[in-house]
Amino acid sequence: MEYNYVINQDIDGTDVTLRKLQLVLLSMLKDVDKICKKHDIHYLLFSGSVLGAVRHQGFIPWDDDLDIAIHRDQYSQLLKALQEDLPEQYVVQCFDLDERYLVPFPAMKIRLKNTFVEEENILLKNKCTDCDGVFIDVFLLNYVSEDKKMDYHWRLKNTGLATVITTLENMNRNPISLKKQFLQNAIDYGNQNRDSKLIGDEITWIYNSPRKPYIYRYDDIFPTKLYPFEDGMFPVPNNPDAFLKAHYGDSYMEYPPEDKRAPKHMKYVSLLSDHKVQK
């Protein structure tokens with residue numbers, strides 16, 4: 001299966017294979033990498049993309065997405081740089097540019113025009129109307145409290161807000177004031193902990209339980225180091241072993257059972273059209 005896995009057929013009848021999607025994502029990553037280097041923005045591969053780099057020197061063979069992360073302190077700088085230098089075939093989506101954006105999920109998406117994806121998770125359905133294309137997720141890291149109870153308090157607060165926001169959005173309402181509060185909570189919490197030796201997933205990311213957030217020593221993440229990924233060298237956490245153990249446990253180098261080696265994010269992909277073609 002793996003690389004030759006067929007996601008679906010495209011509008012011209014050709015197979016959209018997992019490998020084709022991965023190579024499109026790789027090309028997008030290279031464009032983002034150039035911009036980050038030009039503007040001295042310290043991004044890094046994130047989540048399963050780090051596991052791919054360390055275990056496979058590229059994509060996990062059955063992975064169908066690509067994640068990067070930056071520190072909250074460089075978010076505005078990244079947004080400005082992308083607006084200035086990102087080639088015209090891309091669209092940046094985030095709350096700062098479009099108040100319809102789904103704030104309880106990755107802080108930003110960089111999408112490729114003239115392509116289309118439909119995600120498996122209906123809660124991730126894109127509310128922005130300018131593009132539904134193939135994307136790179138941009139996550140935020142921020143300072144967190146060394147007091148676990150305090151961290152839990154703040155994460156629980158935003159998890160509750162996210163539940164209300166998502167419920168209202170599913171009723172075709174756009175609770176802008178609640179979204180602003182959700183984002184401000186994350187900024188305030190990070191600012192309160194600038195002296196902490198820990199950073200973690202910013203509390204804008206509520207996918208994990210508030211009791212089990214991903215938290216790291218700051219110096220396990222920054223400064224980043226370069227690591228082989230496909231045909232290039234891209235930044236990963238300074239201590240990828242510590243990062244991967246936090247995410248996947250001590251046995252992260254072991255392959256999962258064969259029945260678990262399958263794409264899990266994309267329900268439909270077109271690399272030739274900006275909409276889904278029903279057949």
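Coordinate-derived values only; no laboratory data. All of these numbers come straight from a predicted model, not from anything done at the bench. Cβ coordinates were reconstructed from backbone atoms using ideal geometry, including for glycine residues, and neighbour counts include every protein chain displayed.
Within the stretch 62-94, name every residue whose backbone N is under 19 Å away from a label modeled 7 Å from Cα of Arg194 along the Cβ vector.
Within reach of a label on Arg194: 71-78.
Just to be sure I understand: of the beta bridges DSSP finds with both ends in the stretch 2-261, what percent are antiparallel, rounded to 5?
Taking every DSSP beta bridge within the stretch 2-261, about 85 percent pair in antiparallel fashion.
Viscosity 1.567 mPa s, temperature 4 °C: give me the Stokes-Einstein translational D for the stretch 7-53 in µm²/s, with Rh taken as the Kirkwood radius over C-alpha pairs.
The diffusion coefficient I find is 103 µm²/s.
Report, in whole Å, the centroid distance computed from the Cα atoms of the stretch 131-189 and the stretch 46-120.
Taking the Cα centre of the stretch 46-120 as reference, the centre of the stretch 131-189 is 17 Å away.
Over the chain, what is the relative contact order in whole percent, taking alpha-carbon pairs under 8 Å and six or more residues apart?
Dividing the mean separation by the residue count of the chain yields 25 percent.
Distance in nm between label sites at Met253 and Ser273, each 7 Å beyond Cα in the beta-carbon direction?
4.6 nm
Where in the chain are the helices, taken as whole DSSP H runs, whose Cα atoms extend 20 angstrom or more along the long axis and whose Kyte-Doolittle mean reaches at least 0.0?
TM-like helix candidates: 18-38.
Quick one: if you take sqrt(5λ) for each eigenvalue of the C-alpha gyration tensor of the stretch 2-261, what semi-axes come out, biggest first, whole angstrom?
After diagonalising the Cα gyration tensor, the semi-axes are 27, 23, 19 Å.
Sort 254-262, 108-116 by the packing proxy (mean of other Cβ within 10 Å over each peptide's residues), most packed first.
108-116, 254-262
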